[in-house]
Number of protein chains: 2
Amino acid sequence: MKILHKAYSAIEALAAGTTWPEHTTPLNIRDSGKKQFWPKGFSAGTARAGIKSGKRDLVVITADEPCSAAAVFTRNLCSAAPVTLSKEHLEQSASSMRAIVCNSGNANAATGSKGLSDAKTMAEKTAEVLGIKPWEVLVSSTGVIGVPLPMEKINDALDTFSAVLLEDSCADAAEAIMTTDTFPKFFALDVSLSTRDIRICGIAKGSGMICPDMATMLAFLVTNANISHSLLRDMLSKATERSFNAITVDGDTSTNDMVAMLSRSAGSEEILPGSRDAEIFHTALESLMTFLAKLIVRDGEGATKLVAIRVEGAPSTSDAQKAARTVANSNLVKTALHGADANWGRIIAAAGRSGAVFNPENVSIKFDDLVVLEPGYVSDFSEKEAKKILGRSEYTITVSMGNGPGCAVVHTCDLSKDYVDINGSYRT
Amino acid sequence: MKILHKAYSAIEALAAGTTWPEHTTPLNIRDSGKKQFWPKGFSAGTARAGIKSGKRDLVVITADEPCSAAAVFTRNLCSAAPVTLSKEHLEQSASSMRAIVCNSGNANAATGSKGLSDAKTMAEKTAEVLGIKPWEVLVSSTGVIGVPLPMEKINDALDTFSAVLLEDSCADAAEAIMTTDTFPKFFALDVSLSTRDIRICGIAKGSGMICPDMATMLAFLVTNANISHSLLRDMLSKATERSFNAITVDGDTSTNDMVAMLSRSAGSEEILPGSRDAEIFHTALESLMTFLAKLIVRDGEGATKLVAIRVEGAPSTSDAQKAARTVANSNLVKTALHGADANWGRIIAAAGRSGAVFNPENVSIKFDDLVVLEPGYVSDFSEKEAKKILGRSEYTITVSMGNGPGCAVVHTCDLSKDYVDINGSYRT
């Protein structure tokens, strides 16, 4: 399977350059199709329902026991029907969630009352097949906006699901939520808590993050750690800010964006707020989510480079974030990155219009270790050396403002002609 | 001259579709090289100083008498040296300005104290040649950021200027301020005031407005109407909001953006605030500026279409502006426009994340006269018909929110692969 091999290479390459936190052990992703990869008690099934012709486009992830659940949703005013429904279900049964159902190829957004009723049908059908309640199901969709879901196909496919739930289906599940992604994104960490080991496993999709406007970003995480839904919610929100929201300007602004997590609490000691275990778990969760977020940028539509924009020395974290996001999302910066052009002027100009407060005269800029701008607008560097760094598939641009303790990192990618190709006729 | 012929075609095509206000008469631009095109008392000289090898890259526009002056500048924190200096000169002599000097090929931005001293030298040298004071000169630059100006070349070229000031040089002046523009942009209107006729003439540049980040937009306007600098300032600010600022998200955020205007007051009756003539003049000025702004979008980097995004029925003007600007600047919308894809879902989703307040269920969307979305998310239209409209070089997308009286129009263009080409290696 070609795309699975692409996933192995991309994920392993990124993992090789990642420092995992203490108490965590990354799993070997090549085992994902051979043995249990999901945390104990979880399984998933996928199908080719025919929404995207011939491709895997439907997935159900489920636990054999009630789970705590938490989720972060898009803030877009025109949020999709499944977002509306999942919010309701989460309010109703945050401590007894059992499954997530998701289709790709159709966002079920801007579909009015029929859309909401279709999302409900997806939850009901999933519940019926699994023998649970509809409100114990989170529903998610991604794909084209404004087209009604092909419900007959989806219902027919869901009918087969009781037979296809597997414990080694993590890569398949990640594949089933892809849209313009070129490879499935998934990873898992084993985490050593004080008295026991648990696992966190996540899948994610999103490929249009090069333009964060409204390309859907989805991530589903599951764990067998025993954790209350309120603690889970706090941790998930915080970790989302520093992972998935640090790869976009406008954060969760798609009509369908959703980061959802289930924790199966049965049979283990609860992780209490403020405990050492809570800290270990949070750190592990954030590093897994950051890893998945970087995978998304790596696979950005038309992207050839993964670039970390690091702003330091800002008066505040908020100033650093403003500057980092504006630089990371500037089309002029992104095209210069694509052309391996050491155009630091575009970087400082983007920072200058970001709303961040700083003194331009104090700014220095580095490409990895190469200083291209020193305070006082002094610029004297080797273009050849700069080209070499900008030719790398992964590097860091550091903007030091010399103005305070504020720091922020945003991951971005270059803007290429392929982006235009991919998005010029996505719908038709 | 090839680019001049391109200018004639582009300007005439746009002018043909323009309704000019009462009391105004558009000039025939083909006369611009033959007879006096500038308002009476104005002239300009251009040179090939060698900043852009072999190309026209330096211009001085001057009046034979003191002028009222007004200008709107970039709000970018990292504004360029000429912006800093021109602000000072404007404070000093807003009622006795005499000239504008501008070079292309180098922005003199992020150049520190040397940059400021170079800008001063440009003003001094221009003043010396014209026999006026340095503070009677506005200075402007556009081009690459972060590289010191080649002052020897500029000084040598300025030395020749007393001999090259011409009254038929409007197209040449417009050419001298081009960077990635593909044709010079200029136009003039004769305006009938109550007791006399006056002329307003403008040149503009800017081609990166497809991505308004920091591609410099410059416009210089001159008139022989007698008008105080304070009234001129008020009119220029208002007209800028509805013209040049209505083709960008962040308005004037480049390091070098500048809209400057000189009015030569000698020998005619003053236009007083609140008078009928003030109204006529303001309307004419705004229509000329809007025309120049649309020319900029028409020539957007890699652009093939000029699209007006019109939002109506918003609770307020501010809501309408937010939505129109967000739609107009969405990469996903722009690529869909490029691919002639009737992807209205991206349009409503962009409006949804814009911060504008509205009820998505009430929204309708039209491409020119073709309704593609009706309230309640009803969408049933001919794809063939839509393709036909989206294939046009100029059309309007109307988003009706059904929510109030707020209305705004923003002009945008499509995002093409050529944009990536142009910006991938602009500097090197």
| Cross-link partners of residue A:384 among lysines (Cα-Cα below 29 Å; sequence separation of 8 or more within a chain) | A:294, A:305, A:334, A:366, A:417, B:52, B:55, B:114, B:153, B:417
| task | Based on other C-beta atoms within 10 Å, arrange A:217, B:151 from fewest to most. | result | B:151, A:217
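Among residues other than residue B:375 whose Cβ falls under 14 Å from its Cβ, what is the net charge (Lys/Arg +1, Asp/Glu -1)? Can you show the working numbers first?
Values: positive: B:366; negative: B:312, B:361, B:374, B:380.
With Lys, Arg at +1 and Asp, Glu at -1, the neighbours total -3.
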| request: Apply the Karplus parameterisation 6.51 cos²θ - 1.76 cosθ + 1.60, with θ equal to phi minus 60°, to every residue of segment B:2-10 and state each ³J(HN,Hα) to the nearest whole Hz, in sequence, with x for glycine and proline. | output: 5, 5, 5, 5, 4, 4, 3, 4, 5
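To the nearest 0.05, how large is the calculated FRET efficiency for residue A:197 and residue A:95 if R₀ is 30 Å and r is the Cβ-Cβ distance? Before the final figure, lay out each step's value.
On the way: r = 23 Å, r/R0 = 0.78.
The formula returns an efficiency of 0.80 here.
Rank these for me by crowding, A:169, B:43, going from fewest to most other beta carbons within 10 Å. The partial results should precede the final answer.
On the way: A:169 24, B:43 19.
Listing A:169, B:43 from fewest to most nearby Cβ atoms yields B:43, A:169.
Divide by every residue of the protein assembly as shown the summed helix terms, -39500 (n - 2.57) for each DSSP H run of at least 4, and state the resulting mean residue ellipticity at 222 nm, rounded to the nearest 500 deg cm²/dmol. It would help to have the intermediate numbers written out before the result.
Working: 24 runs with 292 residues, N = 856.
Value at 222 nm, helices only: -10500 deg cm²/dmol.
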| field | Net lengthening on full extension, residue B:164/residue B:361 (0.36 nm per residue, minus Cα-Cα) | value | 64.7 nm
| task | For residue B:64, put the label point 7 Å out on the Cα→Cβ axis and report which residues of segment B:160-202 keep their amide N under 17 Å from it. | result | B:162-170, B:199
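Under the 0.36 nm per residue contour assumption, what length would be gained going from the current alpha-carbon distance of residue B:382 and residue B:269 to full extension? Walk me through the intermediate numbers first.
Details: separation 113, 0.36 × 113 = 40.68 nm, distance 5.76 nm.
Residue separation times 0.36 nm, minus the Cα-Cα distance, leaves 34.9 nm.
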| field | Nearby aspartates and glutamates by direct alpha-carbon distance to residue B:238 (threshold 17 angstrom, same-chain neighbours under 8 apart not counted) | value | B:250, B:252, B:257, B:277, B:279, B:286
| Can you give the net charge of the other residues whose Cβ lies under 14 Å from the Cβ of residue A:40, counting K and R as +1 and D and E as -1? | -2
| message | Pick from A:174, A:314, A:81 the residue whose mean-square fluctuation is largest in a GNM of chain A, springs joining Cα atoms under 10 Å. | response | A:314
| remark: With +1 at each Lys and Arg Cβ and -1 at each Asp and Glu Cβ, the charge dipole magnitude of segment A:306-424 around its Cα centre, to the nearest 20 debye, comes out at 240 debye
| field | Span from the segment B:342-404 Cα centroid across to the segment A:52-123 one, whole angstrom | value | 26 Å
| said: Using a 7 Å offset from Cα along the direction of the beta-carbon, what are the separations from residue B:384 to the same position in each other copy, nm, ascending? | reply: 6.2
| What is the minimum Cβ-to-axis distance for chain A, in whole Å, where the axis maps A onto B, and to which residue does it belong? | A:417, 2
| query | What nm value, rounded to one decimal, do you get for the distance between residue B:392 and residue A:392 when each label is placed 7 Å out toward the C-beta? | reply | 5.1 nm
| Global geometry of the protein assembly as shown, whether rounded, prolate or oblate, following the gyration tensor of its Cα atoms and the 1.5 cut on a/c | prolate
| task | Shortest first and in nm with one decimal, please list how far the residue B:133 label point sits from its counterparts in the other copies (point 7 Å along Cα→Cβ). | result | 8.3
| task | Kindly identify segment B:306-424 as rounded, prolate or oblate by the Cα gyration tensor criterion: order the square roots of the eigenvalues as a ≥ b ≥ c, call it rounded if a/c is under 1.5, otherwise compare a/b with b/c, prolate if a/b is larger, else oblate. | result | oblate
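Rounded, prolate or oblate: which fits segment B:2-298, taking a ≥ b ≥ c as square roots of the Cα gyration tensor eigenvalues, rounded meaning a/c under 1.5, else prolate when a/b beats b/c? Let's see the in-between values first.
Values: a/c = 1.38, a/b = 1.27, b/c = 1.09.
It comes out rounded by the Cα gyration axes.
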| note | When B:346, B:30 are arranged by how many other beta-carbons sit within 10 Å of their Cβ, fewest first, they go B:30, B:346
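Please give the length that would be gained between residue A:304 and residue A:25 if that part of the chain were fully extended, namely 0.36 nm times their separation in residues minus their C-alpha to C-alpha distance (nm, one decimal).
Numbers: separation 279, 0.36 × 279 = 100.44 nm, distance 2.89 nm.
97.6 nm is the gain from fully extending residue A:304 to residue A:25.
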| For residue B:20, label point 7 Å along C-beta direction: distances to other copies, nm | 7.3
| remark: Which residues qualify? For residue A:108, with a placed amide H closer than 5 Å and at least 5 residues away or on another chain, they are A:146, A:147
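Values quoted throughout were computed directly from the atomic coordinates according to the rules given, and no laboratory measurement underlies them. Source: prediction; values computed, not measured. A quick note on method: Cβ atoms are made from the backbone with ideal geometry, for glycine too, and the neighbour counts reach across all protein chains shown.
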